[in-house]
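A.B. asks: To start, I am sharing the structure in question, which I have written as structure tokens.
The values are calculated or read from the model by the stated rules, or taken from the named source; none is laboratory data. Because the structure is predicted, anything quoted here is derived from the model rather than measured. Because the Cβ atoms are built from the backbone with ideal geometry, glycine has one as well, and the counts that use them run over all protein chains shown.
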Amino acid sequence: MNKIIKYVIVDILRNKIVIAYTLCLLLLSMGLFSLEDNSDKALVSLMSIVLFLVPLINLIFSAIYVYNSNEFIELLAAQPIQRKTLWISIFCGLACSLSLAFIIGCGIPIFLFSGSEVGISLLLMGIFLSVIFIAIALLAAVYNRDKAKGIGLSILIWIYFAIVFDALVLFVLFQFMDYPMENTLVVLSMLNPIDLARVFLLIKIDVSALMGATSAVFKNAFGSLKGLALTVSVMTVWVALPLYISLRAFIKKNL
């Protein structure tokens, strides 16, 4: 298992797309901190980039990597290696390498310019989003043999979580605007890892005051140590659930 993970990590870290992804994050992060006198303002701008870019890159790259490694996966599956071990090794290799790329790209500027709790929280959420969308990419890839369909599905998944979900939430809020929806909003935010990360980070940065009365409910839910535990728990479920489903599908799949 360790040999497979090591091979996948080395293979991915040598990939030009991953190198470009790391350098892009590094340049954007350094640029934002250099342009802004206030590190918190830079973190807000960086948060927007992370919430937009990290899920997209991890989702599409992971799906493409799995499809391009089909022959390698089939070769290993023919060896005396459990499919469970093989699939988890590929996931761990992707998660470690892409998380490392994110830590280098965003972590170095954050520690240089803003080693605050907010900066650490942004790194934590970025790593979680990386791993979550890698797990979702594996799920999309294992259920679609056709590469074009799998990548297309990955893009649609990102569009749903990044754009469509928020539009649906706004529609629900508009339809039920006469009713108290604060607690419902907390639950709805847990149904989207990007929204959950955004709310958690806004509370840490204290921009949540712009949300009005709703911010008090979000602060009670996510602002304390229990809130951190809740966020981490929900994010962990978002990693475990698609990974578990994809694992079961891969074990039963006829390669």
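A.B. asks: Could we say that Ala216 is at pLDDT below 85, outside any loop (DSSP other than H, G, I, E, B), surrounded by fewer than 15 Cβ atoms within 10 Å (Cβ to Cβ) and aliphatic (A, V, I, L, M) here?
C.D. replies: yes
A.B. asks: Is it fair to say Ala137 is surrounded by 23 or more Cβ atoms within 10 Å (Cβ to Cβ), touching a Gly at 6+ places or on another chain (Cβ under 9 Å) and part of a helix (DSSP H, G or I)?
C.D. replies: yes
A.B. asks: Modelled with pLDDT under 90, in a helix (DSSP H, G or I) and buried (at least 17 other Cβ atoms within 10 Å of the Cβ), is that true of Gly119?
C.D. replies: Yes.
A.B. asks: For the range 87-116: of the residues being under 29 Å from Met30 (Cα atoms) and of a type in the set (S, T, N, Q), which is surrounded by the most Cβ atoms within 10 Å (Cβ to Cβ)?
C.D. replies: Ranking the candidates gives Ser97 first.
A.B. asks: May I ask you to verify whether Leu59 is out of contact with any His (no Cβ under 8 Å at 6 or more places or on another chain), more than 20 Å from Leu196 (Cα to Cα) and in contact (Cβ under 8 Å) with a residue 12 or more places away in the chain?
C.D. replies: No: the conditions fail for Leu59.
A.B. asks: With respect to Ser89, is the statement that it is free of Cβ contacts under 8 Å to residues at least 40 places away in the same chain, of a type outside the set (D, E, K, R), in a helix (DSSP H, G or I) and over 19 Å from Ile17 (Cβ atoms) true?
C.D. replies: no
A.B. asks: If the Cβ limit is 9 Å and pairs must be 6+ apart or interchain, which residue in the range 40-53 that is modelled with pLDDT under 90 pairs with which residue that is among the β-branched types (Val, Ile, Thr)?
C.D. replies: Pairs found: Asp40/Val118; Asp40/Ile205; Asp40/Val207; Leu43/Ile110; Leu43/Val118; Leu43/Ile205; Val44/Ile205; Val44/Val207.
A.B. asks: Here's another thing I want to ask about it. Collect the residues in the range 173-209 that are in contact (Cβ under 8 Å) with a residue 24 or more places away in the chain and among the aromatic types (Phe, Trp, Tyr), keeping them in residue-number order.
C.D. replies: The one that is in contact (Cβ under 8 Å) with a residue 24 or more places away in the chain and among the aromatic types (Phe, Trp, Tyr): Phe200.
Condition check ((1) under 17 Å from the mean Cα position of the chain (by Cα); (2) under 15 Å from Ile132 (Cα atoms)) across all residues:
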{"residue": "Ser45", "(1), (2)": "no, no"}
{"residue": "Leu56", "(1), (2)": "yes, yes"}
{"residue": "Leu59", "(1), (2)": "yes, yes"}
{"residue": "Asn70", "(1), (2)": "no, no"}
{"residue": "Leu86", "(1), (2)": "no, no"}
{"residue": "Ala95", "(1), (2)": "yes, yes"}
{"residue": "Ile103", "(1), (2)": "yes, no"}
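A.B. asks: Also, I was wondering about something else. In the range 173-198, what residues are surrounded by 17 or more Cβ atoms within 10 Å (Cβ to Cβ) and assigned to a helix (DSSP H, G or I)?
C.D. replies: Leu185, Val186, Leu188, Ser189, Met190, Pro193, Ile194, Asp195, Leu196, Ala197, Arg198
A.B. asks: Does at least one position in the range 156-172 carry a residue that is of a type in the set (Gly, Ala, Ser), without any contact (Cβ under 8 Å) to a residue 60 or more places away in the chain and assigned to a helix (DSSP H, G or I)?
C.D. replies: yes
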